[in-house]
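Trainee: Would you mind keeping the following structure in view while I ask a few things?
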Amino acid sequence: MDKKQLIYEGKGKKLYKTSDENLLIAEFKDDLTAFNAQKKSSEVGKGSLNCQISSLIFKLLNQNGIDNHFVKQLDENNMLCRVVKIIPLEVVVRNVATGSLTKRLGIKDGTKLPFSLVEFYYKDDALGDPIINDEHCKIMGILDNDDDIKYIKDVARKVNTILIDFFDTKNVRLIDFKIEFGIDSNNKIILADEISPDSCRLWDKESNKKMDKDIFRENLGSVVDAYQEILNRIK
Ligand code: UDP
């Protein structure tokens, strides 16, 4: 399957048309961005690691009944996906308080939450991806009805349960993650985008050492070394 024209370039991926109008190719970039792209860098090999990790996770989720856009990994940097219309929502699931949750509410960093928290952020760089609730979603037409909102929250919780158990067997704690959904050609909501150490917080089970994009956010060392360690553990 060959790349045709570039249809979109985001912070972490380029999307290309293919000869099949229902399929696109996502090319994972080496670029790193944080804090709404105010901090930027790049590490050779990061894109390839994210493509491989994301492919493994989407495959695992497919095997566990979570419908998603992943078709197959084409090579180290490229993934074949079903075309979807992305819903402008960042769905964040948190098991442990850290990052923006601790800043917003003053909860002590590292506190295990009594239950998994699902949050919605409106995907809009100009507004700085503000946190929103179910009613904002409906008022803004991001999601039309309560059933779709419930469906997305249910899928997010299922993904969380599957990934907590999976990473646990690899001696990794799943702290939190962000997922995105899209609408496919049958008008069905499915999981899309990527699931990688760029979009998850992953801590070593023994030492609580960070193995995710916080290494870049907080200048803690080599992102590629940590992502390679995640890939080695999960493959
Ligand atoms: N996240 C992401 N993209 C974003 C914002 C957050 O992938 O634009 C992920 C982030 O890596 C973490 C989770 O969502 O795993 C929760 O992030 P948080 O709200 O704590 O934001 P941050 O501290 O990164 O500002």
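Bear in mind that the values in this text are calculations on the coordinates, not laboratory data. Computed from a predicted model, the values in this text were never measured in an experiment. Positions of Cβ are generated from backbone atoms using ideal geometry, with glycine treated the same way; all protein chains shown enter the neighbour counts.
Trainee: How many angstrom lie between the Cα centre of the stretch 212-227 and the Cα centre of the stretch 23-76?
Mentor: 16 Å
Trainee: Here is a follow-up. Considering the dipole of the chain built from charges on the beta carbon (Lys and Arg +1, Asp and Glu -1) around the Cα centre, which of V96, A156, H69 is farthest to its positive end?
Mentor: Value computed over the given set: V96.
Trainee: Can you tell me the length gained on complete extension of the stretch L220 to S41, counting 0.36 nm per residue apart and subtracting the Cα distance? Provide the component values of the computation, followed by the final result.
Mentor: Working: separation 179, 0.36 × 179 = 64.44 nm, distance 1.38 nm.
So the extension gain works out to 63.1 nm.
Trainee: As a footprinting exposure proxy, order E135, E27 by other Cβ within 10 Å, with the fewest listed first.
Mentor: Going from sparsest to densest Cβ surroundings: E135, E27.
Trainee: Moving on to the next point. Answer with one residue from V84, I53, I139: the one whose Cα lies farthest towards the positive end of the charge dipole of the chain, charges on Cβ with Lys, Arg +1 and Asp, Glu -1.
Mentor: Towards the positive end, the residue furthest out is I53.
Trainee: I need D2, D129 ordered by Cβ neighbour count within 10 Å, fewest first.
Mentor: By the 10 Å Cβ count, ascending: D2, D129.
Trainee: Using alpha-carbon pairs under 8 Å, 6+ residues apart, how would you state the relative contact order of the stretch 102-179 in percent?
Mentor: Computed over the stretch 102-179, the figure is 16 percent.
Trainee: Report the local net charge at Q38: Lys and Arg +1, Asp and Glu -1, summed over other residues whose C-beta lies under 15 Å from its C-beta. Intermediate results must be reported in sequence, preceding the final value.
Mentor: Details: positive: K11, K39, K40, K213, R217; negative: D31, D125, D129, E218.
Net charge in that neighbourhood comes out at +1.
Trainee: Helix-only estimate, please: 222 nm mean residue ellipticity of the chain, summing -39500 (n - 2.57) across DSSP H runs of length 4 or more and dividing by its residues, to the nearest 500.
Mentor: Details: 6 runs with 70 residues, N = 235.
Theoretical 222 nm ellipticity from helices: -9000 deg cm²/dmol.
Trainee: Between D67 and D165, what is the label-point separation in nm under the 7 Å Cα-to-beta-carbon projection?
Mentor: A separation of 2.2 nm, rounded to one decimal place.
Trainee: Can you tell me the relative contact order of the stretch 92-235? Whole percent, Cα pairs under 8 Å, sequence separation 6 or more.
Mentor: Relative contact order comes out at 16 percent.
Trainee: If R₀ is 22 angstrom, what is the calculated FRET efficiency for the pair L60 and N187, using the beta carbon separation as r and rounding to 0.05?
Mentor: E between L60 and N187, to the nearest 0.05, is 0.30.
Trainee: About its Cα centre, what dipole magnitude does the stretch 1-140 give when the only charges are +1 on Lys and Arg Cβ and -1 on Asp and Glu Cβ, stated in debye to the nearest 20?
Mentor: Taking the Cα centre of the stretch 1-140 as origin, the dipole is about 240 debye.
Trainee: Between D75 and A34, what is the label-point separation in nm under the 7 Å Cα-to-beta-carbon projection?
Mentor: Reported label-point gap for A34 and D75 is 3.1 nm.
Trainee: Separate question: State, as an integer percentage, the relative contact order of the stretch 164-235 based on alpha-carbon contacts under 8 Å between residues 6 or more apart. Can you show the working numbers first?
Mentor: Values: 98 pairs, mean separation 17.9, N = 72.
RCO, the stretch 164-235: 25 percent.
Trainee: Order these by the 10 Å Cβ neighbour count, fewest first: D154, D31.
Mentor: Fewest to most other Cβ atoms nearby, the residues stand as D154, D31.
Trainee: Taking 29 Å as the cut-off for C-alpha to C-alpha distance, list the pairs among K85/K205; K108/K153; K17/K158; K11/K85; K103/K235; K123/K170 that go past it.
Mentor: With Cα atoms farther than 29 Å apart: K85/K205; K17/K158; K103/K235; K123/K170.
Trainee: Next question, about the same structure. Where nothing but the Cβ of Lys and Arg (+1) and of Asp and Glu (-1) is charged, how large is the charge dipole of the chain around its Cα centre, in debye to the nearest 20?
Mentor: Dipole about the Cα centre, nearest 20: 440 debye.
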